[in-house]
Number of protein chains: 2
Amino acid sequence: MTYCVGLRIDKGLVFMSDTRTNAGVDNVSVFRKMFSWSRRGERVMTLMTAGNLATTQAVVSLLDERSKAPVDRNPSILEAPSMFQVAREIGETLREVINSNAMSGQTADSAFNATLILGGQIKGSEPRLFMIYPEGNFVEANGDTPFFQIGETKYGRPILVRAYDPAMSFEETVKLLLVSFDSTIKANLSVGLPIDVQTYETDSFEIGRQQRIGADDAYYQSISTGWGEALSQALRVLPDFTFADG
Amino acid sequence: MTYCVGLRIDKGLVFMSDTRTNAGVDNVSVFRKMFSWSRRGERVMTLMTAGNLATTQAVVSLLDERSKAPVDRNPSILEAPSMFQVAREIGETLREVINSNAMSGQTADSAFNATLILGGQIKGSEPRLFMIYPEGNFVEANGDTPFFQIGETKYGRPILVRAYDPAMSFEETVKLLLVSFDSTIKANLSVGLPIDVQTYETDSFEIGRQQRIGADDAYYQSISTGWGEALSQALRVLPDFTFADG
């Protein structure tokens, strides 16, 4: 499993992904699930991946044009005129990779599927955030649905739904996301540290802050241990229940 | 879908269940999913059900001995010498109902499956809480795992894991459970109000408080609207994040 969140705030975009991949509980590895392409001053694009690792690695390699010699590489997503076009190219690549495995007659429990979150900005338009499905089609975030989750989405969703505020700073957003990730990590063994986080500030046209947060990170530990007490305190603040008959 | 929680606290047992059943999003009904049997002064047993409604209704009817004329009914679970034995009888009934449909050659998407939570006390032993699987086997709650959830369990789990305290009063437990239910109801359309709640006080050998909480319940509304603000406040209490490079 996996947990990734891409989130739009007034200031820009924030991406967070875990790094655990597993094929069964006894075959666990650490792989980065966040990838970026940029041309400073002109465009920044970040991709997060959930699903079959062979599929997602193949997609990223094809986007990087790793099938060509290093000198000949000129990723077409760095030339696409709009984020919509980038999403379309990535969606097509994803669908082709999945199909090339499925069509070969091979079968696998996980069906080679993968789901992606793409966010970024190309000069001339606003930052945009997309979720790309295994079928190659995609949806875009808007004001009503300002974030996308992929992977194990349920445990960490209530806090995002309740506490998201577009006016948050990048630091507040990272705090919110870490609480969401901590709830997920505590509930699902297949989501694990370290966590990658990246920010993009609107109209900066360069990758913002990037950080990897490990299990020994003092701040993460303070969130992880402090959130239980903060929740209990929040519960105490709510009015007390009384039974109707008493 | 469904959401039910059975929970052990020092004072006794608390049960909460939603009432929504659905076969697709356009075929939604209200059905009670909480059932009790008791002999005042001697035993109390409460059952909550998730899964195929035909299966769970058949199980409850068979336990009630509704296949007999009303005067001949003498439910054997009211005679069983222990909660373990009650769980075994209910598990066998559940397995037989599921098998009788499956064996007939019929197939259905949901495979006629159901999962149950059983809690109660019989004079001479402690209150006990079980989760019963479609296969008819079951597990019992203990100090490390003091509650069971069935149905749509993920959205409402983090708050239970973080805020559960065996020393809670019945009222505090209901408040905690309502927050867990509210998170689930906000996230999954197939879990819906009204909510049934029931308590059992250790060694009382009678059903405790029972209440149905509807969408127009003022307390539920105060929890539902207040929890967002309480969560945001809890988040503010946590230390602020700072990026490592700045």
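Readers should treat all values here as calculations from the given coordinates under stated rules, not as data from a laboratory. Since we're looking at a predicted model, the values are computed, not measured. Cβ atoms come from the backbone with ideal geometry, glycine included; neighbour counts cover every protein chain shown.
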Evaluate the charge dipole of the range A:1-155 about its Cα centre and quote only its size in Debye, nearest 20, assuming +1 on the Cβ of each Lys and Arg and -1 on the Cβ of each Asp and Glu.
440 debye
Taking θ = phi - 60°, what integer Hz values does the Karplus form 6.51 cos²θ - 1.76 cosθ + 1.60 yield along the range A:148-165, in sequence order, with x for Gly and Pro?
10, 10, 9, x, 7, 8, 6, 4, x, 7, x, 5, 5, 4, 7, 10, 4, 9
So which lysines can residue B:123 reach, going by Cα to Cα under 21 Å and dropping same-chain residues fewer than 8 places off?
B:11
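When only C-alpha pairs under 8 Å and at least 6 residues apart count, what is the relative contact order of the range A:1-153, in percent?
Details: 279 pairs, mean separation 45.3, N = 153.
That works out to 30 percent.
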Have a look at B:208, B:119, B:143 and tell me which one the Gaussian network model of chain B (Cα, springs below 10 Å) gives the largest fluctuation.
B:143
Tell me the trypsin sites (Lys or Arg not before Pro) within the range B:93-194 that lie in a loop according to DSSP and have at most 12 other beta-carbon atoms within 10 Å.
B:123
Taking chain B as a Gaussian network, Cα atoms linked when under 10 Å apart, which of B:161, B:197, B:59 shows the biggest mean-square fluctuation?
B:161
Top positive-direction residue, dipole computed over the range B:27-151 with Cβ charges, set B:103, B:125, B:143
B:125
At a Cα cut-off below 24 Å, give the lysines reachable from residue B:154, other chains included and same-chain residues fewer than 8 away excluded.
A:33, A:154, A:175, A:186, B:33, B:175, B:186
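Scale the Cα Rg of chain B by the rule-of-thumb value 2.2 N^0.38 Å and send over the ratio, two decimals. Each step should come with its number before you reach the end.
Details: Rg = 19.3 Å, N = 246, 2.2 N^0.38 = 17.8 Å.
Here the Cα radius of gyration is 1.09 times the empirical estimate.
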Based on alpha-carbon centroids, what's the gap between the range A:39-108 and the range B:59-81 in Å, whole number please?
62 Å
On C-alpha positions alone, give me the angle between the axis of helix B:83-102 and the longest principal axis of chain B, in degrees, nearest 10.
80 degrees
In Å, what Rg and Dmax follow from the Cα atoms of the protein assembly as shown?
25.6, 89
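Select from the range B:1-63 those trypsin sites (Lys or Arg not before Pro) which occupy a DSSP coil region and have at most 10 other Cβ atoms within 10 Å, ordered by residue number. List each step's numbers first, then the result.
Details: sites: B:8, B:11, B:20, B:32, B:33, B:39, B:40, B:43; in loops: B:11, B:32, B:33, B:40.
Qualifying residues, ordered by number: B:40.
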What residues have an amide H closer than 5 Å to that of residue A:12, excluding those fewer than 5 places away on the same chain, when H is modeled at 1.01 Å from N in the peptide plane?
A:202
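Under the rule that an exposed site lies in a DSSP loop and has at most 16 other Cβ atoms within 10 Å, name the longest stretch of chain A with no GluC sites (Glu not before Pro) of that kind, not counting the sites themselves.
Numbers: sites that count: A:42, A:65, A:79, A:135, A:206.
Free of exposed loop sites, the longest segment is A:136-205.
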Chain A, Gaussian network, Cα under 10 Å: of A:131, A:45, A:103, the residue fluctuating most is A:103
Shape call for the range A:123-164 from the C-alpha gyration tensor, a ≥ b ≥ c root eigenvalues: rounded (a/c under 1.5), prolate (a/b greater than b/c) or oblate?
oblate
Let me spell out the model: positive unit charges on the Cβ of Lys and Arg, negative unit charges on the Cβ of Asp and Glu, origin at the Cα centre of the range A:125-200. What dipole size does that give, in debye rounded to 20?
280 debye
As I understand it, the value is the acute angle between the Cα axis of helix A:218-237 and the longest principal axis of the Cα atoms of chain A; what does it come to in degrees, rounded to 10?
50 degrees
